[in-house]
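Participant: Below you'll find the structure I mean.
The values are calculated or read from the model by the stated rules, or taken from the named source; none is laboratory data. From a predicted model like this one, the values you see are computed outputs, not experimental measurements. With ideal geometry, Cβ positions are generated from the backbone for all residues, glycine too; neighbour counts draw on all protein chains shown.
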Amino acid sequence: MSDKAYVLFEEQQRNRGIDLDQVKERLKALKVETPSWGYADQGTRFKTFQKVGVPRNTYEKMEDAAQVHKFTGICPSVAVHIPWDKVDDYAHLKEHVANLGIKIGAVNPNLFQDDDYMLGSVTNSKEAIRRKATGHLLECVDIAKTVGSDILSLWFADGTNYPGQADIRKRVQWMYESLKEMYAAMTPDMRMLIEYKFYEPAFYHTDLADWGMAFNMANKLGPQAEVLVDTGHHAQGTNIEHIVAYLIGEKKLGGFHFNSRKYGDDDLIVGSVNPYELFLIFYQILDAAADVDPGVSRTANNIAYMIDQSHNIEAKIPAMIRSVLNVQTQYAKALLINLDEVREAQEAQDVLVAENAVRKAFEFDVTPLLQAVREEMGVPADPMQAYLEDSYGQDILARGKGGASW
Ligand code: LRH
Ligand code: MN
Ligand code: MN
């Protein structure tokens, strides 16, 4: 893309009242965290296809994640899942990751792969199992302290498969007691992000099934607890951007797990199925960021953007780069919405003008803008092409087959 394309783009946007210098600054400030497990071999419950070159351990997952940051410039942190990323010495891991030019982000406890948790972890009717689960949550707070992370990201597989299987109200209380203990162990700069999911692996009821349950739990715990929206965890047709707007309005939206889904929690590449939904999510966030209520704008500006995907048939590093670029593209488009124009149309109650003011931003080709931003950031103008031309993808084939499975 030539400078000429950017000059034309700038003129076009200036004429619409968009300040591109500001847009560029915001694009440079965007950070998207990638998940360690997205670099590993993952599958469905039917089959995991083992790929050649997959990281064999957490250290190698971090090396792959560093490549995504190297080529995109906007992925300086990596989420870990314990025990998938269990190591003997977390301080050493922190150092290794820092030497790669990145850092450890959200620490995700895992309370769904131990036989003891078949009938629930923090919601189990057996006291001893709840104790064990709470112990793991506390261990994760300690790990976060050691690796210098300020986000604890919680998702519970807890639920039941049959009516009558368990006491739903008691389970809510047990979960609250456990999280209260974890909350008390956090340092004041830490945030607990509570994720919800309407079904799977439990098929009758899930203890934290929707945003309202996560929101209520976060409210009961206190200001350091917030809701995490995983875009794949909703029923078909759910208006996710409405949930986003509502939670920011209540100053309780803490983060995202981005992915796409066509049917269930498919963990597909974000933006691959419904890029307009992603754009509309960013529209709500940017609109809130401009809110006169400082609490609302602070919340909107403090959202942790994370990817949560399983790359099942596709090559993992380029799949992650594609995901990050899709997020960046939709964010760039949303930055082109003239919010004043939307508000004026809202005040005039002109439905069509308002809808048009939002939608037309989606229709611009933001390639010249993104290329200019990347140039200024010192990363390749086309990160995907640059990665594919680089030798890293070939070099890691020496790792062979049979890498980490999460
Ligand atoms: C659950 C989930 C949750 C887990 C991750 C691996 O479906 O989205 O965030 O921690 O997948
Ligand atoms: Mn998730
Ligand atoms: Mn999920």
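Participant: Counting only residues that are of a type in the set (D, E, K, R) and surrounded by fewer than 17 Cβ atoms within 10 Å (Cβ to Cβ), give me the helices (runs of 4 or more DSSP H) lying completely in the range 346-406 with at least 2 of them.
Facilitator: Here the list reads 351-362, 367-377.
Participant: Here's a follow-up. Looking for something within 16 Å of ligand 2 (Cβ to nearest atom) and within 29 Å of Thr329 (Cβ to Cβ) - is there at least one such residue anywhere in the range 80-91?
Facilitator: yes
Participant: Answer yes or no: is there a residue in the range 49-66 that is outside any loop (DSSP other than H, G, I, E, B), in contact with a Leu (Cβ under 7 Å, 6 or more places away or on another chain), over 30 Å from Glu341 (Cα atoms) and of a type in the set (S, T, N, Q).
Facilitator: yes
Participant: Among (1) closer than 27 Å to Tyr283 by Cβ; (2) within 16 Å of ligand 2 (Cβ to nearest atom), where does Phe156 come up short?
Facilitator: The one condition Phe156 does not meet is (1).
Participant: Which of the residues belonging to the range 251-287 are closer than 26 Å to Ala157 by Cβ and more than 16 Å from ligand 2 (Cβ to nearest atom)?
Facilitator: Hits for the range 251-287 are Lys252, Lys262, Tyr263, Ser272, Val273, Asn274, Glu277.
Participant: Residues to consider are Thr206, Thr299; find the one that is within 26 Å of Leu336 (Cα to Cα), polar (S, T, N, Q) and either in contact (Cβ under 8 Å) with a residue 40 or more places away in the chain or buried (at least 19 other Cβ atoms within 10 Å of the Cβ) (or both).
Facilitator: That would be Thr299, the only listed residue that is within 26 Å of Leu336 (Cα to Cα), polar (S, T, N, Q) and either in contact (Cβ under 8 Å) with a residue 40 or more places away in the chain or buried (at least 19 other Cβ atoms within 10 Å of the Cβ) (or both).
Participant: Could you give me the residue pairs with C-beta distances under 6 Å whose first residue belongs to the range 236-253 and is within 19 Å of Asn302 (Cα to Cα), whose second residue is part of a helix (DSSP H, G or I) and of a type in the set (Lys, Arg) wherever it lies, and which are 6+ apart or on separate chains?
Facilitator: If the second residue must be part of a helix (DSSP H, G or I) and of a type in the set (Lys, Arg), no pairs are left.
Participant: Of the residues in the range 228-285, how many are assigned to a helix (DSSP H, G or I) and either within 16 Å of ligand 3 (Cβ to nearest atom) or acidic (Asp, Glu) (or both)?
Facilitator: Here the count works out to 4.
Participant: Across the range 61-84, which residue is surrounded by the most Cβ atoms within 10 Å (Cβ to Cβ) among those that are among the charged types (D, E, K, R) and touching a Phe, Trp or Tyr at 6+ places or on another chain (Cβ under 8 Å)?
Facilitator: In this case the residue turns out to be Lys61.
Participant: If you scan the range 192-249, which residues turn out to be more than 15 Å from ligand 2 (Cβ to nearest atom), in contact with a Gly (Cβ under 6 Å, 6 or more places away or on another chain) and under 20 Å from Tyr305 (Cα atoms)?
Facilitator: Across the range 192-249, there are no qualifying residues.
Participant: Is there a residue in the range 24-36 that is touching a Lys or Arg at 6+ places or on another chain (Cβ under 7 Å) and either more than 21 Å from Ala332 (Cβ to Cβ) or modelled with pLDDT of 95 or more (or both)?
Facilitator: So far as the range 24-36 goes, yes, one or more of its residues are touching a Lys or Arg at 6+ places or on another chain (Cβ under 7 Å) and either more than 21 Å from Ala332 (Cβ to Cβ) or modelled with pLDDT of 95 or more (or both).
Participant: Taking the conditions exactly as written (surrounded by fewer than 24 Cβ atoms within 10 Å (Cβ to Cβ), farther than 20 Å from Leu193 by Cβ, of a type in the set (D, E, K, R) and touching a residue at least 12 places away in the same chain (Cβ under 8 Å)), does Lys103 satisfy them or not? Please lay out each step first, then the result.
Facilitator: On the way: surrounded by fewer than 24 Cβ atoms within 10 Å (Cβ to Cβ): yes; farther than 20 Å from Leu193 by Cβ: no; of a type in the set (D, E, K, R): yes; touching a residue at least 12 places away in the same chain (Cβ under 8 Å): yes.
It is false that Lys103 is surrounded by fewer than 24 Cβ atoms within 10 Å (Cβ to Cβ), farther than 20 Å from Leu193 by Cβ, of a type in the set (D, E, K, R) and touching a residue at least 12 places away in the same chain (Cβ under 8 Å).
Participant: When you check Ser153 against the structure, is it within 18 Å of Tyr183 (Cβ to Cβ), under 24 Å from the mean Cα position of the chain (by Cα) and assigned to a loop (DSSP other than H, G, I, E, B), yes or no?
Facilitator: So Ser153 fails the test.
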